[in-house]
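What follows draws every value from the coordinates through simple rules; no lab data is involved. All values derive from a computational prediction rather than experimental measurement. Glycine also receives a Cβ, built like all others from the backbone with ideal geometry; neighbour counts cover every protein chain displayed.
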Amino acid sequence: MLLTERDRIKYCRACGTPVAYVVPADDNRERAVCPACATIHYENPLNVVGTVPVWGERVLLCKRAIEPRYGLWTLPAGFLELGETTAQGALRETLEEAGAQIELGPLFSVLNVVGIGQVHLFYLATMNSPALHPGSETLEARLFREDEVPWDELAFRTVRETLRYFFDDRRCARFNLHCADIG
């Protein structure tokens, strides 16, 4: 991913000196390197974690109350925090965004979104009840049957692909792990 000037690291996190973008010895890509203390700053993809929560024949979706994609529907998901596993993050995001109590199932989809430097990981989940208590990042949380999903109002391609995988797998009565690159 090519970072824009706005996104690039400008100062060393260790000593505050302006960094230079160079290819360090024994490396093969340009990195932010501090000329004063020689600290190399690595820029790595962010992980987005979430769930595909199911109650009976219906899937839980949340209408976003934040940018990007304000007012569009998504699965409950968000950025993984330091100090938590992907499973813990998925549980936390589902509770924060929808107020849904779930039993976490297996990892279901891993989607590489190289163009924006993200990896999206979704777990299958079974809801313990249909009760929903949306948090501040959610305008509305609702349960949808497949024929009710607002396909044209989904916020992200990773959500659309994960839902398609889910409904296809459910028809086959066999859930697989899905991995894909999103262009």
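Just a few scattered comments:
- Considering only alpha-carbon pairs that sit under 8 angstrom and 6 or more positions apart, the relative contact order computed for the stretch 1-43 is 29 percent.
- This ranking places F122, F175, F156 by how few other beta-carbon atoms lie within 10 Å of each, fewest first, which gives F175, F156, F122.
- Think of each Lys and Arg Cβ as +1 and each Asp and Glu Cβ as -1; about the Cα centre, that makes the dipole of the stretch 1-160 roughly 340 debye.
- When F166, F79, F144 are arranged by Cβ crowding within 10 Å, least crowded first, meaning fewest neighbours, the order is F79, F144, F166.
- Each residue of the stretch 95-103 is assigned a 3J(HN,Hα), and the resulting list reads 5, 5, 7, 10, x, 8, 8, 9, 9 Hz, derived from the Karplus form 6.51 cos²θ - 1.76 cosθ + 1.60 (θ = phi - 60°), x at Gly and Pro.
- Inter-label distance, nm, simple model (7 Å from Cα along the C-beta direction), D7/Y21: 1.0 nm
- For the chain, DSSP calls about 65 percent of its internal beta bridges antiparallel.
- Relative contact order, percent, the chain [alpha-carbon distance under 8 Å, six or more residues apart]: 22 percent
- Normalised by the number of residues in the stretch 88-177, the mean separation of alpha-carbon contacts (under 8 Å, six or more apart) gives a relative contact order of 27 percent.
- The modelled label-to-label distance between F79 and E43, using points 7 Å beyond Cα along the C-beta direction, is 1.4 nm.
- Fewest neighbouring Cβ atoms within 10 Å first, the residues I9, I66, I116 line up as I116, I66, I9.
- The computed Cα extents along the principal axes in Å for the structure shown corresponds, within (i) 69, 36, 30; (ii) 59, 34, 30; (iii) 51, 49, 29, to (ii).
- Estimated from helices alone, the mean residue ellipticity of the chain at 222 nm is -5000 deg cm²/dmol (sum of -39500 (n - 2.57) over DSSP H runs with n ≥ 4, per residue).
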